[in-house]
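The structure appears right after this line, and notes come after that.
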Amino acid sequence: MPGDATNRAVSWAVSDAGTTGAAVTGSAFTALGAGTAVITARIANGLAKGQDFVKNFAVTVTATFVPVTGIERLFGETAPSG
């Protein structure tokens, strides 16, 4: 963004969640699954009065496997194995 920009507010939105279940809340991006999502940044009047600046970004989300290392019952009791 140019240092002399008068409107510095960027709004973010998911324009295509694909298979990711992507969402944007404020400036935070979250995804529920792997795939590619398209995120759109918009600055109102960013090009000229009445002309928004719009840029799309492809975001690739990869799934990370997290192994289960244990299961606990309520109140901290360890579940029996087997």
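The values are calculated or read from the model by the stated rules, or taken from the named source; none is laboratory data. Since the model is a prediction, treat every value here as computed from it, not as a measurement. With ideal geometry, Cβ positions are generated from the backbone for all residues, glycine too; neighbour counts draw on all protein chains shown. Just so you know, the surface numbers come from the protein's heavy atoms only, side chains and all, with ligands and any DNA or RNA stripped out. Shrake-Rupley method; radii C 1.70, N 1.55, O 1.52, S 1.80 Å.
Return the FRET efficiency for the residue pair Asp16, Glu72: r is the Cβ-Cβ distance, R0 is 35 Å, and the value is rounded to the nearest 0.05.
Rounded to the nearest 0.05, the efficiency is 0.30.
Bin by bin, in steps of 10 Å, what percent of the Cα pairs in the chain do you find, going until the bin that has the longest distance?
All Cα pairs, binned at 10 Å, distribute as 16, 29, 20, 17, 9, 7, 2 percent.
Would you mind telling me which residue in Val66, Val38, Val54 has the biggest mean-square fluctuation in a Gaussian network model of the chain, where springs connect alpha carbons within a distance under 10 angstrom?
Val66
7 Å from Cα along Cα→Cβ at both Ala63 and Thr25: what's the point-to-point distance in nm?
2.3
Rounded to a whole number, what % of the accessible area of the chain do carbon and sulfur atoms account for, probe 1.4 Å?
Carbon plus sulfur share of accessible area: 57 percent.
Using Cα springs under 10 Å in a Gaussian network model of the chain, which residue among Ala31, Ala17, Ala48 shows the largest mean-square fluctuation?
Comparing Ala31, Ala17, Ala48 in the GNM, the peak value goes to Ala48.
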